[in-house]
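I have placed the structure first, in the form of structure tokens, so that the comments after it can refer back to it.
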Amino acid sequence: QVQLVESGGGLVQPGGSLSVTCAASGRTFSSYAMGWFRQAPGKEREFVAAISSTGTSTYYSDSVKGRFTISRYNAKNTVYLQMSSLKPEDTAVYYCAAARDLMTVVTAEIDYWGQGTQVTVSS
């Protein structure tokens, strides 16, 4: 059993930067690939970024490639999403997720979800 808790969301101006953190509990954290999804009002939840269990491979959606960076520190049971050059369309609830491998994160075959943290990009 793995529990995921996101933090670090908030209000940021367009062009600004913000980082969100996912803290995990459970001894098996390091065996899971991790990812971030987001859901804007009136839209379906969409994939943002994924990282392999070892942290050696990453994958990003086209909409955030070059602006967002996913990373993890297994010794602290944490995964991070660094966001820069933020746009109003990045406004959403951001969710942390755990899955079997990197590809199953991308395809949203998720084993565990966090509760989400709100990121609002507005002037």
What full-extension length gain, to one decimal in nm, is calculated for SER17 and SER85 as 0.36 nm per residue of separation minus the Cα-Cα distance?
23.9 nm
Quote the charge dipole size of the chain about the Cα centre in Debye, to the nearest 20; the model charges only the Cβ of Lys and Arg (+1) and of Asp and Glu (-1).
240
Please work out how much length the chain gains when fully extended from GLN115 to LYS65, using 0.36 nm per residue of separation minus the C-alpha to C-alpha distance, in nm with one decimal.
15.6 nm
Provide, as a two-decimal number, the C-alpha radius of gyration of segment 27-69 over 2.2 N^0.38 Å, N being how many residues it has.
1.32
Would you mind estimating how fast segment 51-104 diffuses translationally, via Stokes-Einstein at 20 °C and 1.002 mPa s with the Kirkwood radius over Cα pairs, in µm²/s?
173
Quick one: ranking SER52, SER123, SER85 by accessible area, 1.4 Å probe, largest first, what do you get?
SER123, SER85, SER52
Quick one: order ASP90, ASP111, ASP62, ASP101 from most to least accessible surface, probe 1.4 Å.
ASP62, ASP111, ASP101, ASP90
Over the chain: Kirkwood hydrodynamic radius from C-alpha pairwise inverse distances, Å:
14.1
Here the FRET efficiency for LYS43 versus THR78, based on Cβ atoms and R0 = 22 Å and rounded to 0.05, is 0.20
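The values are calculated or read from the model by the stated rules, or taken from the named source; none is laboratory data. This is a predicted model, so every value here is computed, not measured. With ideal geometry, Cβ positions are generated from the backbone for all residues, glycine too; neighbour counts draw on all protein chains shown. With ligands, DNA and RNA removed, areas are computed over all heavy atoms of the protein, side chains included. Shrake-Rupley method; radii C 1.70, N 1.55, O 1.52, S 1.80 Å.
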